[in-house]
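The values are calculated or read from the model by the stated rules, or taken from the named source; none is laboratory data. The structure presented is a predicted model; accordingly, all values stated were derived computationally and were not measured. For neighbour counting, all protein chains shown are included, and Cβ atoms are generated from backbone atoms with ideal geometry for every residue, glycine included. These area figures cover heavy atoms from the full protein model, side chains too; ligands, DNA and RNA do not enter into them. Shrake-Rupley method; radii C 1.70, N 1.55, O 1.52, S 1.80 Å.
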Amino acid sequence: MTEHDAIDYAKAIKLFPEDAGLTCKEIGDGNLNYVFKIVDLKNNQSIIIKQAGPVARISDEFKLSPDRNRIESEILGLQYKLAPGFVPKVYNYDPIMNCTVMDDLSDHEIMRKALIKHKKFPLFADHISTFLVNTLLLTSDVVVEHKEKKELVKRFINPELCEITEDLVYTEPFYDCPRNEVFEGSKEFVRKNIWNDKKLLLESAKLKFEFMTNAQSLLHGDLHTGSIFIKRDSTKVIDPEFAFYGPAGYDIGNLIANLIFAYANGKVTIEEEETRDDYLNYLITTIKNVVNLFTDKFNKAWDEKATERVASYEGFKEYYLDTILRDTAAVTGLELLRRVIGLAKVKDLTTIEDREARICAEKICLTAGKTFILNRASIKTGADFINVIQTAELTTVKGA
Ligand code: SR1
Ligand code: MG
């Protein structure tokens, strides 16, 4: 749709009163879709229409079924029930126009943009840990009746978007793929420490196959800070078009890595020492709390909500949670590597103007990323996650 078409569409589906004075602006800045904000200036109401085309917005090279828009609208509806208050409300899904109408969240801001401005959100770890436990545990075989769960697996089969993740996260960052976009100052470091490390390549292969075969939980599938709208007292998760049944740790690791990008940005761009320490401490506390609150809330929800008989066997909950935390560490590492090496970048790094500062931030991410993957089995607590980040920071700053 053009902006003009979107106004006609809003009128046709009778979303606004007859006397509405509608305006429209296309505000999408993601990689795949078009996002129209429709405002009724007369009655001061607004909504969002998100439309999926047959190819990705960033490149015709990615041919994608617009069915992703159905997946997005359906999972938003499900998450609205599982994690009330943490996703926008969906008003309409249209399988002909491949578009979904939902709440306008313009009173919030995109979390990545806010973090690049070094803003703090003290309630975020509490909010997102509830969202993660509710959406991940409550869609798993631990809680959902198994035939019903298999129906959900069918409904959310998402081959094309999974292929993007398989390629961009699990495959291309691990060799000198022509589609990669490595910053020239970081390329030698990448070649030596990533592409030439056979042990790391083997671990990436194991992880790729876990991603493709472990239908554990209904994932958001792309839970980075650009998929979160935030304000002081509210967190809304958007854009779940990559949703499918995969390893629960994928969402948690994705999120933590993106908090680490904010950390690396703050570390090299905030000049005043006290302000920098304060901001980095906020991010360290947030990362630690995300892991620890997830663990606490997961244990509690398991005790209250598990329906599967074997879930009550002694030691099983601990075993299951351990595998999620191991996968969380691994995906934290994978996301850290792929955003530095691969095609899809993050502004936290690309907006760093000073060349040496950007190289330093990227090396922190690459060093931590590699450790998260290789040592994933022993990274379980918030303190363990922080230890990897701070060690990477120390070795990078010392020029190792
Ligand atoms: C072609 S899509 C590139 C990236 O954008 C999305 O947000 C996902 O993160 C994907 O990997
Ligand atoms: Mg997106």
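A few comments on the model shown:
- Of all residues in region 50-58, one or more are closer than 16 Å to Ala10 by Cβ and in the same structural domain as Ile7 (by TED's automatic domain parsing).
- Residues that are open to solvent by less than 10 Å² (accessible area, probe 1.4 Å) number at least 2 in the following strands (runs of 3 or more DSSP E) confined to region 179-258: 217-219, 228-231, 234-237.
- Of the residues making up region 220-259, those that are in contact (Cβ under 8 Å) with a residue 40 or more places away in the chain, within 16 Å of ligand 2 (Cβ to nearest atom) and of a type in the set (S, T, N, Q) are Thr225, Asn254, Asn258.
- The set of residues in region 14-25 that are in contact (Cβ under 8 Å) with a residue 12 or more places away in the chain and either over 13 Å from Met1 (Cβ atoms) or surrounded by 15 or more Cβ atoms within 10 Å (Cβ to Cβ) (or both) comprises Leu15, Phe16, Pro17, Asp19, Ala20, Gly21, Leu22, Thr23, Cys24.
- Residues in region 102-109 include at least one that is of a type outside the set (Phe, Trp, Tyr), over 30 Å from Ala264 (Cα atoms) and away from ligand 2 (no atom under 16 Å from the Cβ).
- Filtered residues of region 275-296 (kept if within 18 Å of Glu393 (Cα to Cα) and of a type outside the set (Ser, Thr, Tyr)): Arg276, Asp277, Asp278, Leu280, Asn281, Leu283, Ile284, Ile287, Lys288
- Only one of the listed residues (Lys81, Lys63) is within 15 Å of ligand 1 (Cβ to nearest atom) and not aliphatic (A, V, I, L, M). That residue is Lys63.
- When the helices (runs of 4 or more DSSP H) confined to region 302-400 are screened for residues that are open to solvent by 10 Å² or more (accessible area, probe 1.4 Å) and either in contact with a strand residue (DSSP E or B) (Cβ under 7 Å, 6 or more places away or on another chain) or of a type in the set (Phe, Trp, Tyr) (or both), those reaching at least 2 such residues are found at 316-341.
- Residues of region 147-170 that turn out to be open to solvent by 20 Å² or more (accessible area, probe 1.4 Å), of a type outside the set (A, V, I, L, M, F, W, C) and either away from ligand 1 (no atom under 12 Å from the Cβ) or touching a residue at least 60 places away in the same chain (Cβ under 8 Å) (or both), as a count: 8
- Counting residues in region 110-130 that are of a type in the set (Asp, Glu), touching a residue at least 24 places away in the same chain (Cβ under 8 Å) and in the same structural domain as Ser65 (by TED's automatic domain parsing) gives zero.
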